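Colleague: I am attaching a structure below and will ask some questions about it afterwards.
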Amino acid sequence: MDLSAEVSAQSESGDNSQSNDHHVALMMKVKQGDIAAFEEIVEIHQGAVIGTVAKMLGGMGDAEDISQQVFIRIWKSAGRYKPSAKFTTWMFTITRNLVFNEMRRRQRKPAVSMDEREEEYNLLAPDENTATPDQQALENELIKAIDTAIQALPEKQRLAVILRRYEDRSYEEIAEVLGMSLSAVKSLLFRARAQLKENLQAYLEEE
């Protein structure tokens, strides 16, 4: 047994528990109308919400507006909030509902071209000042390839991959957010990863 890994896992679990306790405590204050506590909730989580929405939609367009709606709904729902699940589970469930609605609305409208979506999505890429132009070009190409592959996934697979890969959510939390069983989520992610590998195969072979 790798003792250091075990200690690290225990420490991470403890940190997650303490973070959730803090988030719940803030929400209980928000429930009483504490605006400062709500502002802290927004400050802590807005990056994760905006990033998740942007990745789901394939770009920054509308991501900030939808993310704002997420926090408006959190504020308006605070009076009914009960800490029966992790705060982030509740938050990402609200995010899921709003972003799925937006995706369905977009399906009824003319599609945005992939070039426009990729141009928007590049705004999400980190600015690597130390990278050479060639390295940056390769990194941008990889980001585009991964984004395109993720965008080809069905909405539930897409959200599961984003929550797992980018937000480091557990299988259990993803299952709660999607309203699925744990085994169903594992199967969903298995199919999603297989599809991503297939969609990225040509790119990987070129590399």
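Colleague: Amide H of Met60: which non-local residues (sequence gap of 5 or more, or other chain) have their own amide H closer than 5 Å, using H built in the peptide plane?
Modeller: Tyr121
Colleague: Could you order peptides 155-166, 33-44 by the average number of other Cβ atoms within 10 Å of their residues, highest first?
Modeller: Highest mean packing first, the order is 155-166, 33-44.
Colleague: Considering the dipole of the range 133-207 built from charges on the beta carbon (Lys and Arg +1, Asp and Glu -1) around the Cα centre, which of Gln157, Leu138, Leu196 is farthest to its positive end?
Modeller: Gln157
Colleague: For the range 13-92, take N as its residue count and report Rg(C-alpha) divided by 2.2 N^0.38 Å.
Modeller: So the range 13-92 has a normalised radius of gyration of 1.10.
Colleague: How far is it, in nm, from the label point at Gln201 to the one at Val42 when both lie 7 Å from their Cα along the line to the Cβ?
Modeller: Here the answer is 4.8 nm between the modelled labels.
Colleague: Relative contact order, percent, of the range 133-207 when contacts are C-alpha pairs under 8 Å separated by at least 6 residues?
Modeller: 34 percent
Colleague: If you don't mind, another one. Any of Lys82/Lys186; Lys55/Lys86; Lys86/Lys144; Lys86/Lys156; Lys31/Lys186; Lys82/Lys156 with alpha carbons more than 31 Å apart? Name them for me.
Modeller: Those over the limit are Lys86/Lys144; Lys31/Lys186.
Colleague: Okay, moving on. Can you bin the range 142-207 into rounded, prolate or oblate? Criterion: square roots of the alpha carbon gyration tensor eigenvalues sorted a ≥ b ≥ c, rounded for a/c under 1.5, prolate for a/b above b/c, oblate for the rest.
Modeller: prolate
Colleague: Continuing with the same structure: What is the calculated FRET efficiency for Asn20 to Ser77, with r their C-beta to C-beta distance and R₀ = 22 Å, to the nearest 0.05?
Modeller: That pair, Asn20 with Ser77, gives E of 0.80.
Laboratory data are not the source of any read-out in this text; all were calculated from the coordinates shown. These numbers come from a predicted model, not from an experiment. Neighbour counts run over all protein chains shown; Cβ positions are idealised from the backbone, glycine included.
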